[in-house]
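The values are calculated or read from the model by the stated rules, or taken from the named source; none is laboratory data. Remember, predicted model here, so these are calculated numbers, not experimental data. Quick reminder, even Gly has a Cβ in these numbers, built from the backbone with ideal geometry, and neighbours come from all protein chains shown.
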Amino acid sequence: MKVSIIIPVKEINHYIVEGNRHLLGLDYDDFEIIVLPDRDTGVRLPCTRIIATGPLGPAEKRDLGARYAKGEVLAFLDDDAYPSREWLKKAVRHFKDSGVGAVGGPGITPSDNSFMQKASGAVLSSWLTSAGYIYRYIPTTYREVDDFPSVNLFVRKELFERVGGFDTGYWPGEDTKLCLDIKKMGLKIIYDPEVLVYHHRRPLFLPHLKQIARYAFQRGYFVKVFPDTSRRPAYFVPSAFLVLLVVGTALSTMSTTFFLAYSGVITIYTIALVTASVTTVLSTGDVRLGITVIPGIFLTHIIYGYNFLRGLLSTKSKDYHRMV
């Protein structure tokens, strides 16, 4: 089964060069690599088709790459991610089942990332940040899912064409729309922890928080547009926490009873932060990392909560791809 690996990118960068080396070392015989930068600068990568697209967004680039693809399966990979050696072999085996439409796997933090990149990865892979979606950042149990990010996503080409590809009106979040379309066709989306890529993180604090803001805004907007996978309690929790902080601080000065209740909630949250920090230290052996995730998780909750509310109250999605 031939696989077409499709990578959208603004320009050829060092991450793409690094990723290309890993792609060429894949334990799989029949695949092609398609990289889609804005313009052709003359840089060439071994065994890779480079298709200049003009200043398109990531979703549009993926759709264009799919039109050029010769494989039966499309493998979507971000430019700042690279695969494990058996990535294709582990993913393709699932397509022997005709009921499987798509396959995804975790994107873990590379060991050679900077300290602040690792801190971002530790925040994302913390149970206090990602809750039931932690499997996107670390390998967990095999499962069926209904929404998965396009950083590491395989889709049957004929199915991709049948549902109309990505909805290019959205980024980020185009993968949510695609996954909903796949589920509406009655097909499964499989999460396999062995379909693993290494995903370079945006460093704490500003780059990480900017990324969180983009995704939170779109998720808030998607509550109204795609409620099947976005109108879920877990997505509302950071906003509820933010409102509690703002309103609770004011009301706690007016009522002793409310002050005690508010103090209790803050105490529980603080204990949860410390527990998450200790968990990070135990899993990494890095005390400094454990300390850094405390403000990282707190600010991630605040930024996500605020921008989720903005998206929820917005009358239209944002065209973020022009900003990055």
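What do you reckon, is residue 14 at pLDDT below 95 and within 21 Å of the chain's Cα centre (by Cα)? Spelling it out, residue 14 is indeed at pLDDT below 95 and within 21 Å of the chain's Cα centre (by Cα).
Results for (1) touching a residue at least 60 places away in the same chain (Cβ under 8 Å); (2) under 14 Å from the mean Cα position of the chain (by Cα); (3) surrounded by fewer than 19 Cβ atoms within 10 Å (Cβ to Cβ), shown as yes or no for each residue.
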site: 155; (1), (2), (3): yes, no, no
site: 179; (1), (2), (3): yes, yes, no
site: 188; (1), (2), (3): yes, no, yes
site: 191; (1), (2), (3): yes, yes, no
site: 204; (1), (2), (3): yes, no, no
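Do we find a residue being hydroxyl-bearing (Ser, Thr, Tyr), in contact with a Pro (Cβ under 6 Å, 6 or more places away or on another chain) and in the same structural domain as residue 219 (by TED's automatic domain parsing) anywhere in segment 294-311? Within segment 294-311, one or more residues are hydroxyl-bearing (Ser, Thr, Tyr), in contact with a Pro (Cβ under 6 Å, 6 or more places away or on another chain) and in the same structural domain as residue 219 (by TED's automatic domain parsing). The residue that is surrounded by the fewest Cβ atoms within 10 Å (Cβ to Cβ), counting only those in segment 1-11 that are at pLDDT 95 or above and under 22 Å from residue 102 (Cα atoms), is 2. Taking the criterion of being assigned by TED's automatic domain parsing to the domain that holds residue 188 and assigned to a helix (DSSP H, G or I), the residues of segment 109-159 that qualify are 157, 158, 159. When residue 35 is tested against the conditions (1) modelled with pLDDT under 95; (2) β-branched (Val, Ile, Thr); (3) closer than 19 Å to residue 174 by Cβ, the lone failure is (1).
One residue alone among 64, 23 is under 22 Å from the mean Cα position of the chain (by Cα), modelled with pLDDT of 95 or more, of a type in the set (A, V, I, L, M) and surrounded by fewer than 22 Cβ atoms within 10 Å (Cβ to Cβ), and that residue is 64. Taking first residues from segment 40-51 that are touching a residue at least 24 places away in the same chain (Cβ under 8 Å) and surrounded by fewer than 15 Cβ atoms within 10 Å (Cβ to Cβ) and partners that are among the basic types (Lys, Arg) and not in a strand (DSSP E or B), the Cβ contacts under 9 Å between residues at least 6 apart in sequence or on separate chains come to 46/21. Filtering segment 213-227 to residues that are of a type in the set (Phe, Trp, Tyr) and surrounded by 23 or more Cβ atoms within 10 Å (Cβ to Cβ) leaves 217, 221, 222.
Please determine, by comparing only the residues of segment 114-125 that are in contact with a Ser or Thr (Cβ under 7 Å, 6 or more places away or on another chain) and under 21 Å from residue 232 (Cβ atoms), which one is surrounded by the most Cβ atoms within 10 Å (Cβ to Cβ). Applying the filter and picking the extreme gives 123. Exactly one residue out of 66, 91, 102 is in a helix (DSSP H, G or I) and in contact with a helix residue (DSSP H, G or I) (Cβ under 8 Å, 6 or more places away or on another chain), and it is 66. In summary, helices (runs of 4 or more DSSP H) completely within segment 208-324 and bearing 1 or more residues that are in contact (Cβ under 8 Å) with a residue 12 or more places away in the chain and under 17 Å from residue 176 (Cα atoms) occur at 227-230, 233-251, 287-313.
Suppose we keep only residues that are hydroxyl-bearing (Ser, Thr, Tyr) and either surrounded by 14 or more Cβ atoms within 10 Å (Cβ to Cβ) or touching a Ser or Thr at 6+ places or on another chain (Cβ under 9 Å) (or both) within segment 274-301. Which one would you say is nearest to residue 117 (Cα to Cα)? Per the stated criteria, the residue is 292.
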